[in-house]
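Please read the structure below before turning to the comments.
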Amino acid sequence: MSKLVVGILCSTMVFTGIALAAAHNTSDAERGAFDGRDVVRVMYDKPISIEGSIELPEGKLKNPDHRPSTPNRDNQDQQRSAFQTLPITQTNKGVEVTVQAVRLTKDHTDFEITVNNKTDKEEVKLYLAGTKAGANHGIKGKTYETVVAASHNPDFKDAVIKPGKERHGWLYNKALTDKDVQNLTLRLSVHGKEGKREFLFKVDCKDLKFRTL
């Protein structure tokens, strides 16, 4: 009986040695043909899930094929804080604001916006004194420049938006010194009886075509 066990062990060791030698002599291309070995070979390039979060090896980019099925709260906050392409819509306590377009002129920094009052009974209005626009936030070699709302704002000055109604027009801010912008920020406030709603829009301008009028 012991001889049989010894024989089986010896056979297993010989087989394992042959398999290891064959694997050592197999090229990367050949190893890629085997799904099991391919998974092991590329595992370090994939994000590693730890309790619902995603850890990436340093210097690696996220692979959309390996995103978590349910993003965690930190990922959602990061997405909201990132610069986005137009149009951008945000909602705060029943008031929806959309930024549709931007334009730069010699006198103004303009944002085309729509304020949609989705409340049932509350009248709201854009608080122009709390409006501030900025350019080139975090851009290397450039200074983050901010400007306030222009005194001339016919589309939104003293405009009251009734419940269930919306107001569309151009929001004028003072002119930027540097017209070569990579991104724009727009901070605005909408006031009503239920309090104020703060909005912060971050616009990615790298692919926008600007005309300086």
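Chymotrypsin sites (Phe, Trp or Tyr not before Pro), restricted to the stretch 108-201: which are DSSP loop and have at most 13 other Cβ atoms within 10 Å?
The qualifying sites are Tyr144.
In the stretch 93-147, if every C-alpha pair distance is counted and binned at 5 Å from zero, what percent goes to each bin?
Once binned at 5 Å, the Cα pair distances of the stretch 93-147 give 4, 14, 18, 22, 18, 11, 8, 4, 1, 0.
Compute the length gained on full extension between Glu194 and Asp155: take 0.36 nm times their separation in residues and subtract their Cα-Cα distance, giving the result in nm to one decimal.
Stretched out fully, the Glu194 to Asp155 stretch lengthens by 11.7 nm.
Hey, if you put +1 on the Cβ of every Lys and Arg and -1 on every Asp and Glu Cβ in the stretch 152-213, which of Val190, Phe210, Val160 ends up farthest toward the positive end of that dipole?
Val160
Kirkwood hydrodynamic radius, computed over distinct alpha-carbon pairs, for the stretch 80-192: how many Å, to one decimal?
14.6
Apply the Kirkwood formula to the stretch 131-181: the hydrodynamic radius equals the inverse of the mean of 1/r over all pairs of different alpha-carbon atoms; give it in Å with one decimal.
Computed over the stretch 131-181, the radius equals 13.0 Å.
Readers should treat all values here as calculations from the given coordinates under stated rules, not as data from a laboratory. The model shown is predicted, which means the values in this text are computed figures rather than measured ones. Here the Cβ is made from the backbone with ideal geometry for all residues, glycine too, and neighbour counts use every protein chain on show.
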